[in-house]
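One structure below.
The values are calculated or read from the model by the stated rules, or taken from the named source; none is laboratory data. Keep in mind the model is a prediction, meaning the values are calculated, not measured. Methodologically, a virtual Cβ is constructed for each residue, glycine included, from the backbone with ideal geometry; neighbour enumeration extends over all protein chains shown.
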Amino acid sequence: MSALSARGLEKRYGSTTALAGVDVDVAEGELVGLLGPNGAGKSTLVKIACGLVRPTRGQAEVCGAKAGSLASRRKLGYLAELFRFPGWYSADELIALHQRLSGSSGGEAERSELLELVGLAEARDRRVEAMSKGMQQRLGIAQALVGAPPLLLLDEPTSALDPVGRRTVRLLLEELRRRGTSVLLNSHLLSEIELVCDRVVILLRGKVVAEGSPAELSRARGIEIETDEGTRVFEGTREDVPRLVAELVAAGRRVYGVQVLTSTLEDTYLEAVGEETS
C-alpha cells in the first residue's frame, strides 16, 4: 500500500486551474521531492493530501484512507511553509500541545524522543521566541512527527535557512527515511532535492511534466576525452567509452582522461519548465 496515492487530481479555483489531472505516489519509506515554479500546483497537492483543500475531480488516499478523512489525518504529519507557533511556549510545551490536539498518548517519553531526534533535547525549556529560524524549523518537524505518522508532508522546510540549517534538516530527513517514514517534500531548492530524495516529481501548470529518480532524470551529454591533441567531446553514452578510447589509441593518440557528461537535476528542471520562473 502506498503512503500517498493521488489519481487524476484536478483542482479549479474559478477560472484558474491549479491541478489538471495529477497522478502521484509515495511508497512506504520513500522520500519524494516535489518541484515546480510558483503556481505549478505543489502546495495545492500537499493541501489536498492533508484534507485542507478538496479536489474538483479525482481522489487522493493516505495509507488507503480517503484524504481528508479522520483515518487519513491520523496517518500523516504536516508542516506548513509559513507556520507560526506561540512565542511564549517552550519546545516541550509546544510538543505537549500537539500531543493533546492529535490524541497522542506518548507523554513525556515521546516528547523527549522527538526533541532528541531533531537535536533540541538541550533546548526543551527554551521559548519559541528565543529560538533561531533553524531551531523553529526543526521544532516544526518534531510536532509533525507526534504520534509517529507513517507519512510526513513538508512544505518548504528549508526555506530561509542558512547552509548549516539546511544540512541539519537534510540529515534529519535521511534519518526519517531510515526509520521507514514516507516523506513528500515540496521545495524550490534543487540541490537539496537532488541530495536527499529517492524520486522527484516536477509540476508545471498543474501537470506532471517529469518524474523519476535524480539519476533517471539525468541524461547523457556526451563523452569528454582528453588526448595529446587536446580535449574533445564525442557523442555517446557510458557504453561507448571503450570503443571510443580503442579507436583513439589505434589512431595513435594518447588518452589522458575520460569523463561521461550528464545533465544535472537543475538542467532537467529548467528544460521541463522552460521560461517559467519560480
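Structure notes:
- Taking the criterion of being over 19 Å from the mean Cα position of the chain (by Cα), among the polar types (S, T, N, Q) and surrounded by 14 or more Cβ atoms within 10 Å (Cβ to Cβ), the only residue of the range 1-39 that qualifies is Thr17.
- Pick from the range 221-278, criterion more than 30 Å from Glu156 (Cα to Cα) and of a type in the set (Gly, Ala, Ser), ranking: nearest to the chain's Cα centre (by Cα): Gly222
- Residue among Glu266, Glu224 that alone is within 30 Å of Thr181 (Cα to Cα) and exposed (fewer than 15 other Cβ atoms within 10 Å of the Cβ): Glu266
- Residue within the range 197-214 that is farther than 22 Å from Ser5 by Cα and either within 10 Å of the chain's Cα centre (by Cα) or not in a loop (DSSP other than H, G, I, E, B) (or both) present: no
- Residue within the range 179-189 that is among the basic types (Lys, Arg) and not in a helix (DSSP H, G or I) present: yes
- Output for the range 101-146, where each listed residue is under 25 Å from Ser159 (Cβ atoms) and among the hydroxyl-bearing types (Ser, Thr, Tyr): Ser102, Ser132
- Top-ranked residue in the range 227-261 [being part of a strand (DSSP E or B) and among the aliphatic types (A, V, I, L, M); ranked as surrounded by the most Cβ atoms within 10 Å (Cβ to Cβ)]: Val258
- Check on Arg167, modelled with pLDDT under 90 and assigned to a helix (DSSP H, G or I): yes
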